[in-house]
Amino acid sequence: MFKHLSKYLACMAMAAAAAAPAAANDWPSHSIAWIVPYSAGGGIDFVVRLLGKEISSKLGQSIIVENKPGAGTIIGANAILNAKPDGYTIGTMDATALAYNPSLYASLPYDPKKFTYISGLGIFPLVIAVEASSPYKTLADLIKDAREHPGKVTCGSPGVGTPHHLTLDLFARLEGLKITHVPYKGGAPAAQGLVSKQTVMDITDIATIMPFYKSHRVRILATITPKRMDILPDVPTIEEAGVKGLSSNAWTGIVGPAGMPKDVVLKLNKAINEGLASANFQSQVHDMLGLQAMHMTPDEFHQYATQQREFWSKQIKASGITLQVK
């Protein structure tokens, strides 16, 4: 009896092993859901929808974007982790979700280490901007005034715990400044606050501020980038403007629930990187929004996110910034 049972189980195991590659080879057989932890119409949403079209054409299946905003990306993160790891649900997670939240929240309802890391997506460079008629012609002017009048200079951001806010905190600590943080509910309201002179300065991503810059409503004092940007060739980098040691940006990548098949992850990664390199995608997101594509393997993106989490853990601890899940 046991002899027959052993043969039966061995045959079942062989059949399962043979079926697994077939299932991976058949992927995708229907549409793929792409969860975005932000509202429709924003910069990341636009980029995802554009890239989704490129990926769809390469995989032969539709990409359906599902916006799940709220709670500092926590709602979206949980939706991704709770999905079946079959390759039919992926999502966008950014620096906030993967690097900042573990240190900002004493208790976080998800673990960023449990995602399947699929690919980098892109970096939105950050800049320091003032309103066009501001007396600050250079970053040195702003720093001098902020140093002489602690708390006088106000700075807008898309919200507490965002890359923009944490970059402001790091900038202020590096320069020994006291700058009053004014959090808004999003990058666009923060930019509007700047041009309406509600705030003195804004640390913002290039995608948000570019329309205001092109319409001559703001002056960009520096880019927080290692070298000058092609789309802002006359604007100095943060180091050229006199600030040493400030390296920060708003980055985002693509993840899935834990346990996704490796073959599926590699297929997705290949399609994503081909989409990032396409002329149509580059012309719209790099030339118009300044986004820098993150061409990475799954392992490279995992390592990048881990390094960012370790770096910002130290910075957030030094800042004393904390948040609570609402």
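The values are calculated or read from the model by the stated rules, or taken from the named source; none is laboratory data. Fair warning: this is a prediction, and the values are worked out from it, not measured in the lab. Please note: Cβ atoms are built from the backbone with ideal geometry, for glycine as well, and neighbour counts cover all protein chains shown.
If you check Asp234, Asp205 for being in the same structural domain as Thr180 (by TED's automatic domain parsing) and among the acidic types (Asp, Glu), only one passes: Asp205. When residues in the range 173-209 are screened for being more than 21 Å from Pro69 (Cβ to Cβ) and either under 18 Å from the mean Cα position of the chain (by Cα) or part of a loop (DSSP other than H, G, I, E, B) (or both), 12 of them pass. The set of residues from the range 129-172 being touching a Gly at 6+ places or on another chain (Cβ under 9 Å), part of a loop (DSSP other than H, G, I, E, B) and either small (Gly, Ala, Ser) or modelled with pLDDT of 95 or more (or both) comprises Thr138, Gly159, Gly161.
Whether any residue in the range 138-159 is under 26 Å from Gln282 (Cα atoms) and touching a residue at least 24 places away in the same chain (Cβ under 8 Å) is what I want to check. Working first, answer last.
First, pick out the residues of the range 138-159 that are under 26 Å from Gln282 (Cα atoms): 158.
Then keep just the ones that are touching a residue at least 24 places away in the same chain (Cβ under 8 Å); that gives 158.
Yes, some residue in the range 138-159 is under 26 Å from Gln282 (Cα atoms) and touching a residue at least 24 places away in the same chain (Cβ under 8 Å).
No other residue among Leu98, Leu108, Leu121 is surrounded by 16 or more Cβ atoms within 10 Å (Cβ to Cβ) and assigned to a helix (DSSP H, G or I) apart from Leu98. Of the residues contained in the range 60-76, one or more are found to be crowded, with 23+ Cβ neighbours inside 10 Å, of a type outside the set (D, E, K, R) and closer than 23 Å to His30 by Cα.
Can you name every residue in the range 65-100 that is of a type in the set (A, V, I, L, M, F, W, C) and either without any contact (Cβ under 8 Å) to a residue 60 or more places away in the chain or outside the structural domain of Ala305 (by TED's automatic domain parsing) (or both)? Talk me through it step by step, then tell me what you get.
The first filter runs over the range 65-100 and keeps only residues of a type in the set (A, V, I, L, M, F, W, C), leaving 65, 71, 74-75, 77, 79-81, 83, 90, 93, 95, 97-99.
The answer is Val65, Ile75, Ala77, Ala79.
In this structure, is Ala99 under 19 Å from Ala318 (Cβ atoms) and modelled with pLDDT under 95? The answer is no for Ala99. Counting only helices (runs of 4 or more DSSP H) that sit completely within the range 213-326, those holding 2 or more residues that are basic (Lys, Arg) and surrounded by 13 or more Cβ atoms within 10 Å (Cβ to Cβ) correspond to 262-277. Within the range 165-178, if we keep just the residues that are of a type outside the set (A, V, I, L, M) and closer than 20 Å to Lys244 by Cβ, the residue that is surrounded by the fewest Cβ atoms within 10 Å (Cβ to Cβ) turns out to be Gly176.
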